[in-house]
1. In region B:348-358, which residues are away from ligand 3 (no atom under 16 Å from the Cβ), crowded, with 18+ Cβ neighbours inside 10 Å and outside any loop (DSSP other than H, G, I, E, B)?
2. Go through region A:93-109 and count every residue that is crowded, with 19+ Cβ neighbours inside 10 Å, within 12 Å of chain B (Cβ to nearest Cβ) and out of contact with any Gly (no Cβ under 6 Å at 6 or more places or on another chain).
3. Where residues in region B:25-70 are loosely packed, with under 15 Cβ neighbours inside 10 Å and among the acidic types (Asp, Glu), which of them is farthest from B:Glu86 (Cα to Cα)?
4. Looking at (1) closer than 23 Å to B:Ala266 by Cα; (2) in a loop (DSSP other than H, G, I, E, B), which one does B:Ile96 not meet, given that it meets all the others?
5. Among the residues of region B:281-288, is there at least one that is at negative phi and buried (at least 24 other Cβ atoms within 10 Å of the Cβ)?
6. Give the residue that is nearest to B:Ala328 (Cα to Cα), with candidates limited to residues of region B:201-226 that are within 14 Å of chain A (Cβ to nearest Cβ) and open to solvent by 10 Å² or more (accessible area, probe 1.4 Å).
7. So which pairs qualify, if the first residue must be in region B:343-365 and within 10 Å of chain A (Cβ to nearest Cβ), the second must be within 6 Å of ligand 2 (Cβ to nearest atom) and open to solvent by 20 Å² or more (accessible area, probe 1.4 Å), the Cβ gap must be under 7 Å, and the two must be at least 6 apart or on different chains?
8. I'd like to know if region B:108-122 contains one or more residues that are within 14 Å of another protein chain (Cβ to nearest Cβ), modelled with pLDDT of 95 or more and within 11 Å of ligand 1 (Cβ to nearest atom).
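The values are calculated or read from the model by the stated rules, or taken from the named source; none is laboratory data. Small disclaimer: the values here were computed from a predicted structure and weren't measured. Every residue, glycine among them, receives a Cβ derived from its backbone with ideal geometry; neighbour counts consider all protein chains shown. The area values use the complete protein model at the heavy-atom level, side chains included, leaving out ligands, DNA and RNA. Shrake-Rupley method; radii C 1.70, N 1.55, O 1.52, S 1.80 Å.
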Amino acid sequence: MATEEPIPAMATVDRMLTDEMVAEIRALLPRYPSPQAVTLPALHIVHERWRHVPRQAVVEIAELLGLAPSQVQDTLTFYGFFQQDAPHGRLRLWVCRSISCHLRGADALLAYLCERTGLRPGETSADGALTVEFAECLGACEHAPCALGGTTLHTCLTKEKLDELLKTVT
Amino acid sequence: MSTSERVLLANIERPESHALSTYEGAGGYRTWRRVLAEQSPQEIQDLVKASGLRGRGGAGFPTGLKWSFLATDRPGPIYFCLNADESEPGTFNNRILMELDPHQVLEGLFLSCFATRASIAYIYLRYEYPLAYVRLQAALDACYAAGYLGRHILGSEYSLEVYLHRGAGAYICGEETGLIESLEGKRAWPRIKPPFPAVEGAFRRPTVVNNVETVACVRHICERGSEWFRSQGVPPDPSNPRDPGSFGPKLYCLSGHVARPGCYEAPLGLRVDELIDELGGGVWQGRRAKAAIPGGISMGLLRSDEFSCRLDFADPLKYGCLGLGTAAVVVLDETVSMVDFLHNSCQFFAHESCGQCTPCREGTAWSLRLLERICAGRGRLKDLELLLEIGDTMGILPGTTICGLADGAAWPIKNAIRKFRGEFEDYLRRTNPEGYRAEQPVWALLSESEA
Ligand SMILES: Cc1cc2nc3c(=O)[nH]c(=O)nc-3n(C[C@H](O)[C@H](O)[C@H](O)COP(=O)(O)O)c2cc1C
Ligand code: SF4
Ligand code: FES
């Protein structure tokens, strides 16, 4: 979930996991027979709050779950979803490029979006407002071409609809 | 076309179809109450076995048979993993069920857990389904509050906990052992089988993995009986002793170049042309179809003269496709270049291979580079043989990989080139007249991500 609070630079904080986040992660432990299974949920909790999972947070999650940091890091890097080095934009917009959307013009849309914003997939605007991503099938092919912006699905996209959407990005 | 009453989609047109009160008003959870009060897990297993239900997640394995493999002689819990990772391009029926009728899915899940004596269930939901997440969580909360879930459910001996667990954007998490590894907090590297999950699955315990639509079918089998289920669909082919038939209702996803894309319900065995023309309103913009994906992109391609193919578990094989898959049909109209189609397919699989097996990691990456080179006008006739060699040698069927992703990557290559050979040759001749016959190796272009 996008948050309006500023994200602290790594050098200025001792801990990335707030007390609330630690409590939220701890509360998940009884659901699974092994603490390692809480890795993905914990990564999501951190990622939703800070829009990335810096190495310091990896170390703290590992400590909390009784794992080696490398175990958490290994899992994190497997899943393309998690950012590590810098926060993604306040809006992360995933444009589907798989077959049903491709047939309905997704390539041109993604190219248009990149051109309009000057960003390539995976890049974030300098003001931190927007990250452009490509996605593989979003499971909404009946609405092709489509894109997921945060938790909102944008259906039957056109350049005009993209323009409208970009106006709301701040 | 066989018309019949809608079952799986019966509830979705109602206002607030996702609410517990709506679901109960339409008879929901009555079956759950009755089964808990009157029936044993073995009875439900036998019923599902008798129904002939086969898994809707892609492989079509008989559900009752899978359940009977569960190792019951071990101490400790049995786990149930509901596979809600739905990521096969073209497929969205699980999303529709979870968003618009989550209680139908949950009642089916509870019944399936009861039948398999599972005491803990995880719903492995892909992260890209935020609405399904909200709806399922609300539905679970409502079930706990109503006593349909938890300890000693409705005063019975049976206790069940269900947890939502979200993925993080990797197609391979849909493969059942990749799902289990991911659930355990690791990279989603599929496991070598055996042991199968029924013997050693999540947390090294006996585990059932079933698809969302599969458990939704279980709910209706428990309510209406196995005879009702077997009255729909396609009976076994008498000349094929290994065909157990394709029974029951099915959700067909239709997208691409079609007038009315959407999710349609009909018994198994609907013909591709019936789906496109009668339910989907025909090819869009009055054009003609050139080809269609029969069941998600992994299943390969049908030419437009093969649209009499029936969408059941047996017929697509007769047309050289990998199988029924998810019964997600994607229509390609006459303007589509098959080279472009194949590039898109190779791009998907190169991105999604987990990288564990060399034939799949290298095969998907190199097939993409070959297609990129062909699209850039530097293809050679020889590349078609190379692509076919890659396609014929990676996968479970040739026996070179751990999981079926590689078969899914291979099938579009094999079907596209073998069924549309002339178009590929024309393309090469047109775009690279000099190099068309070149035998010398040509450097592959670097894909954009590496450049
Ligand atoms: C690469 C790959 C991806 C898969 N993705 C899914 C998926 O997203 N959802 C699903 O239910 N099954 C998927 N499957 C099939 C599962 O491995 C498994 O067969 C299925 O979940 C079993 O449930 P069922 O018997 O109810 O069909 C996938 C298989 C492979 C090889
Ligand atoms: S076949 Fe491909 S996706 Fe499957 S385990 Fe091997 S490398 Fe991974
Ligand atoms: S192909 Fe884009 S949502 Fe499925």
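1. Within region B:348-358, the subset away from ligand 3 (no atom under 16 Å from the Cβ) is B:350, B:353-358.
Still in the running and crowded, with 18+ Cβ neighbours inside 10 Å: B:350, B:353-354, B:356-357.
Matches in region B:348-358: B:Ala350 only.
2. Within region A:93-109, residues that are crowded, with 19+ Cβ neighbours inside 10 Å, within 12 Å of chain B (Cβ to nearest Cβ) and out of contact with any Gly (no Cβ under 6 Å at 6 or more places or on another chain) number 9.
3. Only one residue tops the list, namely B:Glu38.
4. (2)
5. no
6. B:Asn211
7. Filtered contacts from region B:343-365: B:Gly355/B:Arg361.
8. Kept after step one, since they are within 14 Å of another protein chain (Cβ to nearest Cβ), are these residues of region B:108-122: B:118-122.
Cutting the leftovers down to modelled with pLDDT of 95 or more gives us B:118-122.
From what's left, within 11 Å of ligand 1 (Cβ to nearest atom): none.
There is no residue in region B:108-122 that is within 14 Å of another protein chain (Cβ to nearest Cβ), modelled with pLDDT of 95 or more and within 11 Å of ligand 1 (Cβ to nearest atom).
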